[in-house]
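Worksheet: the structure to be examined is printed underneath.
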Amino acid sequence: MSAVEPTMMPVGDTPSPAETASTSDRRASRRAVIEEAVLPPLVALLLAAVVGDALILSFGQSPGAVYRLLLDGTWGNAYGFGQVLYKATTLVFTGLAVGLGLRAGLFNIGAESQLAAGGFCAALVGLLLPAGIPSLLCLPIYIIAGALGGGVVGAVPGVLKARFGAHEVIVTIMLNFIVLALLNYLTSTRLHVPDTLHTAEIGSGALPRVSDAVSSFQGSAANATIVLALLAMVALWWFLFRTRRGFELRAVGLQPHAAEYAGVNVGSVTWRALAISGAIAGIGGLNYVLGYKHYYEEGFATGAGFLGIAVALVGRSHPIGIGLAALLFATLSQGGLAVNALVPKQMVDVLQAVVILAVATSVPEVRRLLRGARRSAER
Amino acid sequence: MADPSAPAAPTPAIRLRDIVKSFGPVQANRGAELEVARGEIHALVGENGAGKSTLMRVLAGMYAPNSGHMAVDGRDVTGWTTADAIAAGVGMVHQHFMLVPTLTVAENVMLGSELTRGPVLDRAAAEQAVRELSERTGLVVPPRALVSELSVGQAQRVEILKTLYRGAKILVLDEPTAVLSPPEVQELWTVLRALRDQGGTIVLITHKLDEVIDVSETITVMRAGRTVAHMPTAGTTPQAIARAMVGRDVALALDAEYTGVPAVQQLGAVPAMLEVRDLSVIGAAGQPMVRNIEFSIAPGEILGIAGVEGNGQTELIEAIAGLRAATGTIALGGRDLMPLGVRQRGDAGLSHIPEDRHERALVLDYSVAENLILGQQHRFTRGAALDAGRILSHARSLIAHYDIRPTDPALPARALSGGNQQKIVVARELSRDFKVLLAAQPTRGVDVGAIEFIHTRLREARDQGKAVLLVSADLSEVLALSDRVAVMYGGRIVALLPRSDASPETLGPYMTGAERAA
């Protein structure tokens, strides 16, 4: 950076009123940013609650009783909470994967197959590793295997987009079919334990469960992958908001022309973003393979990739928001099992759908309402 | 404030009183007044952000005012809708054309009020209607031509025709000359005068003061959302209008004297700092956009490129910057730029003020501080991370030296006015270590005070021995800054003159393609 020329004097003899208003401007703009980040999901939850009430009443049940049951079955006891944590862990990975794509202006619909491919590759490595290696030693190998599995599946639409302009939505959707079918074929013809849809158990590297330390979690699948999920959240936050590459990636997502002007190779950011996105989803496969069943099973996390899209949208593509949204969707999905006695568990699917729709539509709507409210407050 | 003493106009065509219009915390109009007599050409002038366009959009029914009164032809129309405004004969021609490029002229004109025979569009009737309107107004455009094939000047005629077709008697034009060559501007004035003579009322939004003097009969000046002056054009001067616009005396580009031939040029045989040879650019549809262009710029020289927009200037600048594929050679201080990418060209000493501030030059959601390092982010790192401390001190120093307001480096660029956004770009590009500056439309959409400031900075860069390539659609800007002037037409440089030989009269024929030299 060169020095500023000392000869350059400011024009304008009087300080502008804008200058004195700077601090209040700043506060207002901060407040607007926070409101815009937080309010749409809250409005969405409120809407979901209203729709939920109506549904519950239509089944002749009391909303209070159903919601209490939902909370008791999730956050109300150690087992339920452990299940929420387990489901949230996978959703954090798929949510971060989709969120990273969104930050780069890319819509990755392929987390579903990237997650499966990551889990599959991890299990494959696990089958090759001899028994008795300490978990901490083989964990890096598993992470690399999961990341490679998901990353390759993610890189394909990235390269096709950067090289030929193929739209990533179409390619990732189609790859979901292809990759899932391929994995099923390999599992059911080559790798399965007879009469099952899963592989043999991995030799080494199973991760400890929460219940190993706290016995009341007995039976729940929550495991040390939670730590990986938290680390992934921190790492992605740091990458996006603190590094030069993150700065460039977000610029591509916001204004590709400006990024190009700033010397960023938009094509290479595109394929790298999708590859990293796939890798993150792929690492999510460890939650099941290392932490829960210790083998790859066909359809081990069906729906978690698609739910990751909802998690990223509700979490506004911010790692903290994604963590909270993952807990929310995990709670709903576990809660569905708990309330099944009173209302069909599909009711919870409806609630999830309402949250997604409401967030998708409420972002501009909430902005408009806020503006209107502020204007009338000023008058 | 509006002068009610004009005795000859009993009911004015437009009377706007005390108009207040705010967008969130921003008050665009804070008690604006406008009174336009029937059958006059009225100029509405003011700096960018003074609230002119907002006031006219209120008049056209696009925005409802928060308070105030609006009357058209004596009828109270406060808070009417666009449909009401069209029905009452108020039409607006926007700065950005609102035409469908794949439809013909006649189809565009009738769009929204289609002529039909049964369920079928009656194209013949629409073409006939366009021809009749053309004849009556002098706005001649081939009715069957596709809009995508028209020149910018012709497209603007279609916009005006469309408005007249809907029965507009009060015509509002928002900066209509920004995209026109001098002869086209003269033709537009002829058309507007003819419309006025047929009883039309015209409001012209502009900040080019020579135009105001040329064509208007009455002037309303706005500043910071308020009306600050209302005067007959006869008897006023550009200086007086500018003072009312800015609130203080300013050096005007249109009377800024060109400040002399730089020493290096007189020396003659100085090696060129930027040398372009046989440069060609092919457009997306395979058509040549830049054809075999050759020029060189000496250190300490500004080469200005005049020309109507869309004649290859954008493509030329982007090719040099590395944003667009091209053939030929580009050398900076003897170094071949062709194999280098955008970032490497920057590191080699190329600085670039892009014409498109909102799409290219800034990331609007990024903070002022972040925008001040855009393109140089690789120089502000500590390991993989960005060095927040250095970015902040860099921002503070540039904000102070370039008078960027508000002064908070954490505000998003979006929150700043156009002039201050442009100052971010100028500050960033002039503070880096560069030898050649590409300045494309450096003062577009910028207010008078900031134009003066930016011009001073460009002259300083020249005086420090930088080579500057200036592209501007504003001929007065090219003439005020350049040491040599080139004209681009149809992707070629059709004239390259020393400043002393360049004037609107000598350049005009080249800009329209009527003449070729060089």
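Some observations on this one:
- Of residues in the range B:322-334 being at pLDDT 95 or above and closer than 14 Å to B:Lys435 by Cβ, the one surrounded by the fewest Cβ atoms within 10 Å (Cβ to Cβ): B:Ala331
- Of the candidates B:Gly445, B:Gly418, B:Gly389, the single residue that is more than 8 Å from every other protein chain (Cβ to nearest Cβ), surrounded by fewer than 21 Cβ atoms within 10 Å (Cβ to Cβ) and over 25 Å from the mean Cα position of the chain (by Cα) is B:Gly389.
- Of the residues making up the range B:179-195, at least one is in contact with a strand residue (DSSP E or B) (Cβ under 9 Å, 6 or more places away or on another chain) and over 30 Å from B:Val246 (Cα atoms).
- Selected residue [over 19 Å from B:Glu187 (Cα atoms) and part of a helix (DSSP H, G or I)] from B:Ala71, B:Ala155, B:Ala83: B:Ala83
- Some residue of the range B:455-476 being of a type in the set (A, V, I, L, M, F, W, C), crowded, with 20+ Cβ neighbours inside 10 Å and within 14 Å of chain A (Cβ to nearest Cβ): yes
- Which numbered condition A:Tyr292 misses (of (1) of a type in the set (Ser, Thr, Tyr); (2) within 14 Å of chain B (Cβ to nearest Cβ); (3) outside any helix (DSSP H, G or I)): (2)
- Taken over the range B:288-312, the criterion of being at pLDDT 90 or above and of a type in the set (D, E, K, R) is satisfied by B:Arg291, B:Glu294, B:Glu301.
- Here the condition is being buried (at least 18 other Cβ atoms within 10 Å of the Cβ) and under 20 Å from A:Tyr142 (Cα atoms); of A:Leu240, A:Leu207, it holds for A:Leu207 alone.
- All helices (runs of 4 or more DSSP H) inside the range A:229-286 with 3 or more residues being among the β-branched types (Val, Ile, Thr): A:266-283
- Hey, A:Gly146 under 13 Å from the mean Cα position of the chain (by Cα) and in a helix (DSSP H, G or I) or not: no
- Among the residues of the range B:345-355, those that are surrounded by fewer than 23 Cβ atoms within 10 Å (Cβ to Cβ) and either modelled with pLDDT of 95 or more or at the interface with another protein chain (Cβ under 7 Å from one of its Cβ atoms) (or both) comprise B:Asp347, B:Ala348, B:Gly349.
- Of all residues making up the range B:161-185, the number that are on the phi < 0 side of the Ramachandran plot and not in a helix (DSSP H, G or I): 14
- Of the residues making up the range B:46-63, one or more are among the acidic types (Asp, Glu), surrounded by 17 or more Cβ atoms within 10 Å (Cβ to Cβ) and closer than 24 Å to B:Ser417 by Cβ.
- Residue within the range B:99-115 that is touching a Gly at 6+ places or on another chain (Cβ under 9 Å), surrounded by fewer than 21 Cβ atoms within 10 Å (Cβ to Cβ) and modelled with pLDDT of 90 or more present: no
- Test result for B:Leu430, over 18 Å from the mean Cα position of the chain (by Cα) and facing chain A (nearest Cβ under 9 Å): yes
- Qualifying position, being touching a Phe, Trp or Tyr at 6+ places or on another chain (Cβ under 8 Å), touching a residue at least 12 places away in the same chain (Cβ under 8 Å), facing another protein chain (nearest Cβ under 7 Å) and buried (at least 23 other Cβ atoms within 10 Å of the Cβ), among B:Leu362, B:Leu374, B:Leu398: B:Leu374
- In summary, B:Ala439 fulfils each of the numbered conditions (1) surrounded by fewer than 24 Cβ atoms within 10 Å (Cβ to Cβ); (2) more than 8 Å from chain A (Cβ to nearest Cβ); (3) of a type in the set (A, V, I, L, M, F, W, C) with the single exception of condition (1).
- Matching residues, the range B:210-243, being buried (at least 20 other Cβ atoms within 10 Å of the Cβ), under 25 Å from B:Ile19 (Cα atoms) and among the aliphatic types (A, V, I, L, M): B:Val212, B:Ile219, B:Val221, B:Met222, B:Ile241, B:Ala242
- Residues located in the range A:28-68, provided they are of a type in the set (Gly, Ala, Ser), over 22 Å from the mean Cα position of the chain (by Cα) and under 30 Å from B:Arg414 (Cα atoms): A:Ala28, A:Ser29, A:Ala32
- Candidates are the residues of the range B:93-148 that are polar (S, T, N, Q) and over 18 Å from B:Leu192 (Cα atoms); the one that is farthest from the chain's Cα centre (by Cα) is B:Thr116.
- Residue check for A:Ser220: outside any loop (DSSP other than H, G, I, E, B), modelled with pLDDT under 95 and more than 14 Å from chain B (Cβ to nearest Cβ): no
- Being modelled with pLDDT under 90 and either touching a helix residue (DSSP H, G or I) at 6+ places or on another chain (Cβ under 7 Å) or not assigned by TED's automatic domain parsing to the domain that holds B:Leu350 (or both) is a property that does not hold for B:Leu279.
The values are calculated or read from the model by the stated rules, or taken from the named source; none is laboratory data. Just so we're clear, the structure is a prediction, and the values are computed from it rather than from any experiment. Ideal geometry is used to build each Cβ from the backbone, glycine not excepted, and the neighbour counts take in all protein chains shown.
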